[in-house]
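The values are calculated or read from the model by the stated rules, or taken from the named source; none is laboratory data. Only a predicted model underlies this, so the values are computations on that prediction, with no experimental measurement involved. Glycine gets a Cβ as well: all are built from the backbone with ideal geometry, and neighbour counts include every protein chain shown. Remember, those area values only see protein heavy atoms, side chains included, never the ligands or the DNA or RNA. Shrake-Rupley method; radii C 1.70, N 1.55, O 1.52, S 1.80 Å.
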Amino acid sequence: MMRFVSILIWLFFPAFLPIFTAAQNTREVQLFNNDWKFIKSDVKQGEAVTFNDSRWTTVNLPHDWSVKEPLNPSLASAAGYLPGGIGWYRKSFFIPAEKRGKEVSIYFEGISNNSEVFINGKSIGRRPNGYVSFSYNLSADLTYGDSNVIAVRVDRSRYNDARWYAGSGIVRNVYLQTTSKVHLQQWGTNYYTSRMDSKAAHVIVGSTVQNNAAQAASITLLQEIYEKGNDKLIAKSSVKAQVKAGSSQVINTRITVPAAKAWSDLSPNLYILKTTIVSNKVVVDEEITSVGFRTLAFDANKGFALNGKWMKLKGVCIHHDAGVLGAAVPKEVWERRLKTLKSIGVNAIRASHNPQNPDIYDLCDELGLLVMDEAFDEWKYPKKKWIEGWNVGTPGFDGYAPYFEEWGEKDLADMILRDRRHPSIIMWSIGNEVDYPNDPYSHPVLDSATIGQQVFGKYLRNNPDAMELGIIAKKLVEVVKANDTTRPSTAALAGVVMSNFTGYPDAVDVAGYNYTENRYDKDHATYPKRILYGSENRHDMPAWKAVRDKEYIFGQFLWTGIDYLGESGRWPARGSSAGLLNLGGWIKPRGYFRQSLWSDKPVMYVGTYINRRQQMPPSADAWPIWNYEEGEQVRVVSYTNAAKAQLFLNNQPVGDVKPYDDNTGIIYWDIPYKPGTLTVKGYNADNKEIAEQTIRTSGAPTAISLAAYKNEISKQRGVAQIEVQLFDDNGIPAVLADNMLNCRIEGPGKLLGLEAGDNTDTGNYTDNSQRVFRGRLIAYVEATGEGDINISFSSPWLKTATINIKAK
């Protein structure tokens with residue numbers, strides 16, 4: 001059994017800084033998002049200080065130019081039928097003369113992709129990966145006491161370079177940072193726990209101190225832990241050290257935290273760590289981080305334990321976009337989405353198939369969601385990227401592969417260094433489906449394996465040799481261990497029938513299986529020390545039972561948690577509809593079905609459909625609609641965790657009470673349609689009613705209802721999320737409505753986008769009009785200053801509705 005006892009520490013930039021009073025000569029972190037100049041064109045000398053960018057568009061970051069373009073059926077389906085191109089960003093900024101002698105750097109959370117950064121006309125670095133975070137030291141090339149120009153060239157000309165929508169531009173936050181010559185290195189604060197019990201957590205915190213001065217520095221490194229939400233100091237430690245000039249040094253200190261409360265999915269307790277460097281009795285650097293205490297254990301027979309409690313991961317995979325917002329997703333939007341996922345029983349997130357926006361990890365820490373962090377979707381050789389629809393036609397082969405040998409190990413290391421402070425992260429994945437047989441790797445075993453011949457085809461001797469998988473995996477696992485020994489390495493295996501012969505599964509600590517539940521028992525018996533889980537899985541009941549009923553399988557990650565752009569089918573299609581939530585972040589029927597399997601609270605959901613093909617098992621995608629032709633045969637389904645259920649039509653029972661079906665997870669009835677009220681009541685084994693759900697026949701929509709996720713937002717570009725729903729005269733949701741709505745905003749706000757969640761709607765998403773889908777849409781409105789924002793929606797024959805949002 002592998003045990004990982006750890007206290008996780010993550011850098012938390014501006015939010016907690018006001019808690020503590022920092023000395024004037026400590027670090028400054030400035031959000032650097034506003035008032036950039038942008039052009040979608042490969043201009044010549046766009047990096048030059050004297051370049052005239054006055055005709056460029058002024059934009060605020062994060063910014064994704066592709067999602068603002070029209071969808072086009074002539075473009076690639078993998079990219080969601082959206083274009084790429086080349087774009088330039090420029091920003092002028094003033095650096096005071098008194099910052100001379102300081103260390104000034106620019107930190108990018110993510111640029112998609114193939115970026116090159118210039119300062120005052122000089123190229124200071126390139127980064128091909130669109131998902132990793134990185135920084136550049138600007139100090140030597142700045143003009144102090146005067147204006148400076150930062151320029152960024154982004155090359156998405158090979159726009160179909162991922163199997164999903166990647167987005168284009170500076171799609172995440174940017175920070176300008178100033179420190180003294182002696183400072184804490186980027187991502188330099190880490191931890192490990194020597195012991196943790198009910199009385200205290202015994203921790204060793206390590207911080208890497210960088211000395212860029214010309215002389216050695218005598219310092220004191222102080223580590224202090226505070227209760228979150230107040231300034232009560234509960235533990236501290238300090239150590240003195242000598243850091244040589246022009247070098248860095250890891251300095252460890254021991255801290256005992258009395259009566260520490262463990263971080264968990266049910267109780268995500270967090271503390272605040274303040275790290276201070278003192279030199280010559282002067283504070284030269286300070287950082288605020290958030291700390292969570294917890295232990296991990298993985299076992300080939302018992303699965304996974306958090307804080308000594310064996311549990312199942314009820315996980316989902318997510319991509320990085322949010323429909324109309326593309327890859328530039330505000331934190332508020334992710335908060336609503338992740339909270340919704342947690343409300344239906346999700347306790348784990350797989351960051352597929354790349355490092356995600358740092359906001360996501362912060363939120364998972366706060367909400368209690370366990371995370372499988374993932375680095376790559378391909379290694380040395382490219383995968384197929386579909387152009388005419390998913391698995392249709394002739395694919396393309398652009399992607400990350402040409403950069404892997406030069407950048408792969410650094411990108412993996414940087415992901416771990418950036419994210420290892422998060423208590424939510426429990427595994428590092430080195431790859432997703434890089435072993436997919438014949439895409440591109442092949443092996444002679446495919447000629448003898450029935451599953452190989454049926455699903456993947458026979459051995460292709462001209463394809464890359466699959467034996468290389470084990471070699472590369474071992475190198476990547478070495479990178480993982482060099483940067484973090486407190487969590488296991490893992491990988492999502494697509495072709496374990498082939499990979500078992502390559503050494504790949506044995507190179508990682510924990511092996512994830514994609515869609516191969518039929519291999520669990522066989523491989524558990526053949527490889528008894530292998531720790532197994534489902535790293536990517538279907539939504540059906542058998543896939544869940546393979547986890548629920550096998551102690552040694554510790555979880556699954558459904559594909560997917562949320563619908564996403566790209567990986568589209570044939571036109572018209574914006575993306576994939578595989579999620580529990582749609583593009584607008586609403587729970588779909590399959591989300592309620594999953595809630596009935598995963599939630600500890602009583603669940604009851606009612607949906608209907610016409611079962612024209614007499615398909616079994618009953619559908620887990622039935623919408624709450626009770627509008628059909630009189631006498632038409634309708635299948636009514638109930639997604640519930642009750643032991644039995646009873647159907648009522650217009651308050652009259654229909655048939656007998658039906659028991660829960662553990663083979664399908666669904667109770668159903670086939671009945672002739674009659675308008676009115678349809679109710680299902682759920683009962684426990686003692687016949688006590690524990691849940692009830694009703695749907696009604698709806699009329700034409702007559703009213704617009706508006707509800708804000710939060711009625712107050714930050715005046716500094718906070719984002720309001722307005723949920724719009726249509727109702728009939730009786731207040732019944734008009735689920736069948738598809739009215740066109742117009743949005744009007746008065747006050748200090750601007751519309752970021754309208755999203756209805758319809759994957760087949762390929763119309764204009766850049767204006768203030770949008771058709772509702774299943775009677776709903778959501779509006780994203782960003783504050784442009786302080787004051788009242790009045791947001792109105794209107795439609796012909798419907799009364800205009802208005803909601804007020806306060807930007808403070």
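With both bridge residues required to lie in the stretch 306-407, what share of the DSSP beta bridges run antiparallel, to the nearest 5%?
DSSP beta bridges in the stretch 306-407 are roughly 20 percent antiparallel.
Once you compute Rg and the Kirkwood Rh from C-alpha atoms, what is the Rg to Rh ratio for the stretch 164-215?
Taking Rh as the inverse mean 1/r over Cα pairs, Rg/Rh reads 1.22.
I want the antiparallel fraction of DSSP beta bridges within the stretch 375-523, as a percent rounded to 5.
Here the share of antiparallel DSSP bridges comes out near 10 percent.
How much accessible area per residue does the chain have, in Å², with a 1.4 Å probe?
39 Å²
Return the Rg/Rh value of the stretch 279-419, two decimal places, where both radii are evaluated on C-alpha atoms and Rh is the Kirkwood radius.
Value, to two decimals: 1.05.
Ignoring ligands, DNA and RNA, what percent of the accessible area of the chain is carbon or sulfur (1.4 Å)?
Ligands and nucleic acids excluded, carbon and sulfur reach 48 percent.
In bins 10 Å wide, starting from 0, what share of all Cα pairs of the stretch 499-562 does each bin hold, as a percent?
The calculated distribution, bin by bin, is 22, 56, 21, 2.
Report the extension gain between S92 and N518 in nm, rounded to one decimal, defined as 0.36 nm multiplied by the number of residues separating them, less their alpha carbon distance.
Using 0.36 nm per residue and subtracting the Cα-Cα distance, I get 147.5 nm.
Measure nothing but the geometry: give the 0 to 90° angle between the long axis through the Cα atoms of 358-367 and the longest principal axis through the Cα atoms of the chain, rounded to 10°.
The answer is roughly 60 degrees.
What distance in nm separates the simple spin-label points at V657 and S769, each placed 7 Å from Cα in the Cβ direction?
Here the modelled spin labels are 5.5 nm apart.
Give me a comma-separated list of calculated 3J(HN,Hα) values for the stretch 79-88, in order, Karplus coefficients 6.51, -1.76, 1.60 applied at θ = phi - 60°, integers in Hz, x for any Gly or Pro.
After applying 6.51 cos²θ - 1.76 cosθ + 1.60, I find 8, x, 6, 10, x, x, x, 10, x, 10 Hz.
Could you run the Karplus curve 6.51 cos²θ - 1.76 cosθ + 1.60 with θ = phi - 60° over the stretch 108-116 and give me ³J(HN,Hα) per residue in whole Hz, x for Gly and Pro?
Per residue, the Karplus-derived 3J(HN,Hα) values read 9, 7, x, 10, 10, 9, 6, 8, 9 Hz.
What angle do you read, to the nearest 10 degrees and between 0 and 90, between the alpha-carbon axis of helix 331-343 and the longest principal axis of the chain?
Roughly 50 degrees, rounded to the nearest 10.
Need one number: nm distance between label points at S705 and K240, each 7 Å from Cα along Cα→Cβ, rounded to one decimal.
Distance between label points: 6.8 nm.
In what sequence, largest accessible area first, do D729, D621 appear using a 1.4 Å probe?
So the residues, ranked largest to smallest area, are D729, D621.
Once each part is reduced to its C-alpha centroid, what is the distance from the stretch 40-93 to the stretch 200-258 in angstrom?
Measuring centre to centre over Cα atoms gives 43 Å.
Please compute the contact order of the stretch 595-664 in relative form: average sequence separation of alpha-carbon pairs under 8 Å and at least six residues apart, divided by the residue count, as a percent.
In percent, rounded to a whole number, it is 33.
Could you please state, rounded to a whole Å, how far the C-alpha centre of the stretch 649-675 is from the C-alpha centre of the stretch 784-807?
Result: 42 Å between the Cα centres.
Ordered by residue, what ³J(HN,Hα) values in Hz, to whole numbers, does the stretch 246-262 give under the Karplus form 6.51 cos²θ - 1.76 cosθ + 1.60, where θ = phi - 60° and Gly and Pro are x?
Couplings: x, 9, 10, 8, 7, 10, 9, 10, 9, 9, 10, 9, x, 6, 5, 8, 5 Hz.
Only helical DSSP H runs with n ≥ 4 go in: add -39500 (n - 2.57) per run for the chain, normalise by residue count and round the 222 nm mean residue ellipticity to 500 deg cm²/dmol.
Helix-only estimate at 222 nm: -3500 deg cm²/dmol.
How high is the FRET efficiency between T800 and N687 when r is their beta carbon distance and R₀ equals 56 Å, given to the nearest 0.05?
Rounded to the nearest 0.05, the efficiency is 0.70.
Work out how far the C-alpha atoms of the stretch 588-741 reach from end to end along every principal axis, then list the three figures in whole Å, largest first.
Computed over the Cα atoms, the extents are 56, 38, 29 Å.
So I have (1) 411; (2) 330; (3) 174, and one of them is volume of the Cα convex hull per residue in Å³ calculated from this model. Which one is it?
Comparing each candidate, only (3) matches the computed number.
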